[in-house]
Amino acid sequence: QVQLVESGGGLVQAGGSLRLSCAASGRTFSVYAMGWFRQAPGKEREFVGAIRWIGGNTYYADSVKGRFTISRDNAKNTMYLQMNSLKPEDTAVYYCAAEKDFSGSYLPLSRQRAYDYWGQGTQVTVSS
């Protein structure tokens with residue numbers, strides 16, 4: 001099992017920055033990749049970005065490319081989402097997720113069903 005704990009959400013003005021953290025515990029050595037998703041009220045949950053734990057390859061949705069950056073600290077088993085140039089449309093609950101190695105899902109990291117573990121979610125609100 002892997003447990004994920006998020007922090008860093010809150011209120012920020014448009015154009016500002018915020019950094020979210022997702023700390024993993026448990027069988028962290030079994031993690032293949034981690035990702036971020038978000039869900040605004042009345043909308044479907046959407047892919048934000050992902051990172052392979054070994055190698056550090058990153059992937060981003062077009063809506064956040066160039067503004068958001070995903071990184072990880074292997075020693076701390078923590079993934080970060082650095083959000084810059086925030087817009088009101090970025091307002092959503094943000095979730096982190098982890099995919100087990102050898103999961104056999106054969107799904108791309110942009111798909112929710114690729115992931116086996118999910119965090120509790122943290123609210124990000126961007127005011128105009």
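The values are calculated or read from the model by the stated rules, or taken from the named source; none is laboratory data. Everything numeric here is computed off the predicted structure, so don't read it as measured data. Ideal geometry is used to build each Cβ from the backbone, glycine not excepted, and the neighbour counts take in all protein chains shown. Each accessible area value is taken on the protein alone, full model and side chains, heavy atoms only, with ligands, DNA and RNA left out. Shrake-Rupley method; radii C 1.70, N 1.55, O 1.52, S 1.80 Å.
Given the chain, what percent of its DSSP beta bridges are antiparallel, to the nearest 5? Intermediate results must be reported in sequence, preceding the final value.
Working: 40 of 44 bridges.
Percent antiparallel among DSSP bridges in the chain is about 90.
What ranking, highest mean first, results for peptides 72-83, 8-19 when packing means the other Cβ atoms within 10 Å averaged over each residue?
Numbers: 72-83: 17.1, 8-19: 13.8.
Per-residue mean Cβ counts within 10 Å order the peptides as 72-83, 8-19.
Got a sec to turn the phi values of segment 118-124 into Karplus ³J(HN,Hα) couplings, 6.51 cos²θ - 1.76 cosθ + 1.60 with θ = phi - 60°, whole Hz, x for Gly and Pro?
Calculated HN-Hα couplings, in order: 9, x, 7, x, 9, 7, 10 Hz.
Could you pull the Cα extents of segment 12-84 along its three principal axes, largest to smallest, in whole Å?
Dimensions of segment 12-84 along the principal axes of its Cα atoms: 36, 25, 20 Å.
Cross-link partners among lysines for Lys87, C-alpha distance below 22 Å, same-chain residues fewer than 8 apart left out?
Cα-Cα hits under 22 Å: Lys43, Lys65.
Among rounded, prolate and oblate, which fits segment 48-128 when a ≥ b ≥ c are the square roots of the eigenvalues of its C-alpha gyration tensor, a/c under 1.5 means rounded, and a/b larger than b/c means prolate? Display every interim value, and only then the final one.
Details: a/c = 1.80, a/b = 1.63, b/c = 1.10.
It comes out prolate by the Cα gyration axes.
Under a 5 Å amide H to amide H cut-off, with H placed in plane at 1.01 Å, what residues pair with Val48 once short-range neighbours are removed?
Trp36, Phe37, Arg38
Computing the accessible area with a 1.4 Å probe over protein heavy atoms, can you report the carbon and sulfur percentage for the chain? Don't skip to the end; give the middle numbers.
Numbers: 3200 of 6750 Å².
About 47 percent, which is the carbon plus sulfur part of the accessible surface.
Measuring with a 1.4 Å probe in the full set of protein chains, what accessible area per residue, in whole Å², belongs to the chain? Intermediate results must be reported in sequence, preceding the final value.
Working: 6750 Å² over 128 residues.
Per residue, the chain has an accessible area of 53 Å².
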